[in-house]
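*Asks:* This is the structure I want to talk about, given as structure tokens.
Read-outs throughout are calculated quantities, based only on the coordinates presented, and are distinct from any laboratory measurement. Note that the structure is predicted; figures quoted are calculated from it, not measured. Cβ sites come from the backbone with ideal geometry, for glycine too, and all protein chains shown count toward neighbours.
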């Protein structure tokens, strides 16, 4: 059975919107290596519509010597959307029906981790159904004061911290898993 892993860039005040506008000054080789290893320990992406559309515009034209872009472009991509009718990015499959049921089926398949990048609305929906096995939050040392937060006010979760790591640029990895113990 696969794990469903959420991997997010968030600011210190919880904003996850438009990380391309605020994360680059903190990017370094350590974070690059972490993201590379994360991608290569997975074998599929699960994306919401907005993240999919942004990725589908950017990734097909990208290349790199390490093979990250090639992996992103060849990966199976499962896209949750009520609006989209057709997907154009290589190896993409549309999920329109019962999200809970479809994601449960994906998790039951053999393979490596199923990875979610961005896709805040999808993350919040999956939280409501206890489908997320791990949260990897890269917390950036910046406060924006406004913007879409990763977690909605409607969601509550009891999590246990399983790893922390500080990168040289001040970014901190916080890895959490659901904590089924009642507190």
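*Asks:* From the Cα gyration tensor of segment 1-80, with a ≥ b ≥ c the square roots of its eigenvalues, which class applies: rounded if a/c is under 1.5, or else prolate if a/b is larger than b/c, or else oblate?
*Replies:* Here segment 1-80 falls in the rounded category.
*Asks:* Follow-up question, since we're still on this one. Ignoring solvent entirely, what values of log10 I(q)/I(0) come out of the Debye formula for segment 64-125 at 0.12, 0.17, 0.29 Å⁻¹ when each Cα is a single scatterer?
*Replies:* -0.35, -0.69, -1.45
*Asks:* Can you give the % of DSSP beta bridges in segment 4-178 that are antiparallel, to the nearest 5?
*Replies:* Around 35 percent of the beta bridges assigned by DSSP in segment 4-178 are antiparallel ones.
*Asks:* Also, quick follow-up: Could you work out the relative contact order of segment 4-178, using alpha carbon pairs under 8 angstrom and six or more residues apart, expressed as a whole percent?
*Replies:* 36
*Asks:* At 0.36 nm per residue, and after removing the present C-alpha to C-alpha distance, how many nm does the segment from residue 37 to residue 112 gain when stretched out fully?
*Replies:* Gain in length upon complete extension: 25.8 nm.
*Asks:* Another question, if that's okay. Quick check on the chain: helices-only [θ] at 222 nm, where DSSP H runs of length 4 and up contribute -39,500 (n - 2.57) each and the sum goes over total residues. Nearest 500, please.
*Replies:* -7500 deg cm²/dmol
*Asks:* I would also like to ask the following. What ranking do 125, 11 get, fewest neighbouring Cβ atoms within 10 angstrom at the top?
*Replies:* 125, 11
*Asks:* Could you tell me how many cubic angstrom of Cα convex hull volume the chain has per residue?
*Replies:* Residue-normalised Cα hull volume stands at 129 Å³.
*Asks:* Using 0.36 nm times the number of residues separating residue 130 and residue 12, minus their current alpha carbon distance, what extension gain do you get?
*Replies:* This chain segment gains 40.0 nm when fully extended.
*Asks:* If packing is taken as the mean number of other Cβ atoms within 10 Å per residue, what is the order of 151-157, 129-135, highest first?
*Replies:* The most tightly packed comes first, giving 129-135, 151-157.
*Asks:* Still on this model: Consider all pairwise Cα distances in segment 78-183 and report the whole-number % of them above 15 Å.
*Replies:* Percent of Cα pairs beyond 15 Å in segment 78-183: 72.
*Asks:* Could you give the length gained on full extension between residue 84 and residue 69, defined as 0.36 nm per residue of separation minus the Cα-Cα distance, in nm?
*Replies:* Difference between extended and current length: 3.0 nm.
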